[in-house]
Amino acid sequence: MTQKIIVSGGAGYIGSHTAVALQNAGFEVVVFDNLSNSKSDSLDGVMRITGVRPLFEQIDCTDTNAMRDAFARHRDAVGVIHFAALKAVGESVEKPLMYYRNNLGGLINILDAMAEFNVNNIVFSSSATVYGVPEKLPATEETPLQPATSPYGSTKVMGENIIRDTVQAKPNMRAVLLRYFNPIGAHPSGEIGELPNGIPNNLMPYITQTAAGIREHLNVFGDDYDTPDGFCVRDYIDVNDLAAAHVAALRHMLGGAQGVNVFNLGTGRGTSVMELIRAFESATGVKVPYKIAPRRAGDVPAIWADATKAERVLGWRATTALTDTLASAWRWQQKVSEKN
Ligand code: NAD
Ligand code: UD1
């Protein structure tokens, strides 16, 4: 029998790619999303790729009654992947309560509804931001967590703790906490991808918008870090690889794994800002005009993942070549530019 998965935030960037991966793996997907940072067009994209449009409930996870009702309609679900959250670090500093209310209120409603309707498996979107400036690189799952540097980061640390306490209190429940490094790229078909609102904060959409001529130049934040080339280093992971990890995480729980398991999701490879710009240029043949700008407050000089636990336990690893990821990001940008 087909197993149904509730995907909160499934109309968004990572959620829509995960919906594709889930449907391709034979799961039935129901998306819960309030479309606060996405459009339902992404679900049409999922349909064009897989032949099936996920079921869709347009609801806000912070609406306790609406969530209860939606869970009642989908009480046959075997698990939840909880993506729904606000994710703009700067905005979270200005509007902390909005972030706590949305990201934690939504999570608490989901956990309540899961307990009520006996849906016992949850995958949670956490972030490498929980490691702050790591003492040692690469970061493993045992690397000590640092105090969060933004309310957004706090919601991830607190979200992890809320889930741990809940699983501790409810032995039927199981959880996988996935700490994403830097997700980039789009589906190779060009049907779905990242749709940032306004001026992007993140590097990859800023690069593609600059290449497309929407932005005059890219500001490279800092060239004097204590790193091999002086630029910040991150672990850029293909969004399709990331999506595949969610399927592996669900299977791990459905296969009987107990308690709470944590996994880093990265490539295990650090790439500097300048290396990423150069790699983009050689993958696409398009120049990215840039200027060196001051360091951005709060930036971690370097972080990349030790992702060997995910390989050992989940049998998952990132396989997409960076060139292919960058080409897919560009293909998506061109498609978005054509439409607008
Ligand atoms: P996204 O904004 O594209 O997707 C989030 C989706 O959740 C959107 O469709 C939005 O409309 C929906 N949503 C937000 N609040 C909601 C609510 N209260 N009720 C219902 N729907 C709601 O973001 P994304 O990049 O796909 O991120 C998905 C998850 O991964 C988030 O939890 C994010 O914090 C986490 N994450 C993302 C990154 C990244 O770089 N993209 C890195 C680490 C962690
Ligand atoms: C940021 C968030 C992190 C969040 C993640 C995904 C901060 C401090 N961290 O990670 O919590 O989980 O986004 O939303 O905001 N860069 C430029 N020019 C730009 C944009 C970025 O040089 O215009 C550089 C940054 O200095 C950084 C790298 O590119 O070195 C990656 O930046 P970004 O894509 O914003 O991701 P993170 O800062 O790693």
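The values are calculated or read from the model by the stated rules, or taken from the named source; none is laboratory data. Note that the coordinates shown come from a computational prediction; the quantities given were computed from them, not determined experimentally. Virtual Cβ from ideal backbone geometry, glycine too; neighbours counted across all protein chains shown. The accessibility values were calculated without ligands, DNA or RNA, using every heavy atom of the protein model including side chains. Shrake-Rupley method; radii C 1.70, N 1.55, O 1.52, S 1.80 Å.
When the stretch 1-53 is limited to residues that are within 9 Å of ligand 1 (Cβ to nearest atom), crowded, with 24+ Cβ neighbours inside 10 Å and of a type in the set (A, V, I, L, M), the one that is farthest from Ala329 (Cα to Cα) turns out to be Val31. Looking at Val78 and the list (1) over 25 Å from Arg179 (Cα atoms); (2) in a strand (DSSP E or B), which single condition is not satisfied? With (1) over 25 Å from Arg179 (Cα atoms); (2) in a strand (DSSP E or B) applied to Val78, the lone miss is (1). How about the stretch 78-99: which of its residues are open to solvent by 10 Å² or more (accessible area, probe 1.4 Å) and more than 12 Å from ligand 1 (Cβ to nearest atom)? Matches in the stretch 78-99: Val78, Gly90, Val93, Glu94, Lys95, Pro96, Leu97.
Could you say whether any residue in the stretch 168-184 is in contact with a helix residue (DSSP H, G or I) (Cβ under 7 Å, 6 or more places away or on another chain), farther than 23 Å from Asp324 by Cβ, open to solvent by 50 Å² or more (accessible area, probe 1.4 Å) and away from ligand 2 (no atom under 12 Å from the Cβ)? Yes: one or more hits. Taking residues in the stretch 60-89 that are within 25 Å of Leu242 (Cα to Cα) and modelled with pLDDT of 95 or more, and partners anywhere that are charged (D, E, K, R) and open to solvent by less than 30 Å² (accessible area, probe 1.4 Å), the pairs with Cβ atoms closer than 6 Å and at least 6 places apart or on different chains are Ala77/Lys4. Restricting the stretch 303-323 to residues that are open to solvent by 40 Å² or more (accessible area, probe 1.4 Å) and in contact with a helix residue (DSSP H, G or I) (Cβ under 8 Å, 6 or more places away or on another chain) leaves a set whose member that is nearest to Thr284 (Cα to Cα) is Thr323. Considering the stretch 260-289, the residues that are out of contact with any helix residue (DSSP H, G or I) (no Cβ under 6 Å at 6 or more places or on another chain) and under 20 Å from Gly79 (Cα atoms) include one that is least open to solvent (accessible area, probe 1.4 Å), namely Val262. Filtered by the rule that a residue be in contact (Cβ under 8 Å) with a residue 60 or more places away in the chain, in a helix (DSSP H, G or I) and either open to solvent by 80 Å² or more (accessible area, probe 1.4 Å) or under 21 Å from Met253 (Cα atoms) (or both), the stretch 147-158 gives no residues.
When Val247 is tested against the conditions (1) in a loop (DSSP other than H, G, I, E, B); (2) out of contact with any His (no Cβ under 9 Å at 6 or more places or on another chain), the lone failure is (1).
The set of residues in the stretch 223-239 being surrounded by 21 or more Cβ atoms within 10 Å (Cβ to Cβ) and more than 13 Å from ligand 1 (Cβ to nearest atom) consists of Phe231, Cys232, Val233. Scanning the stretch 185-222 for residues that are assigned to a loop (DSSP other than H, G, I, E, B), open to solvent by less than 50 Å² (accessible area, probe 1.4 Å), closer than 16 Å to Thr284 by Cβ and away from ligand 1 (no atom under 13 Å from the Cβ) yields Gly190, Ala212.
Take Ile163 and tell me if it is at pLDDT 95 or above, away from ligand 2 (no atom under 15 Å from the Cβ), open to solvent by less than 10 Å² (accessible area, probe 1.4 Å) and in a loop (DSSP other than H, G, I, E, B). No.
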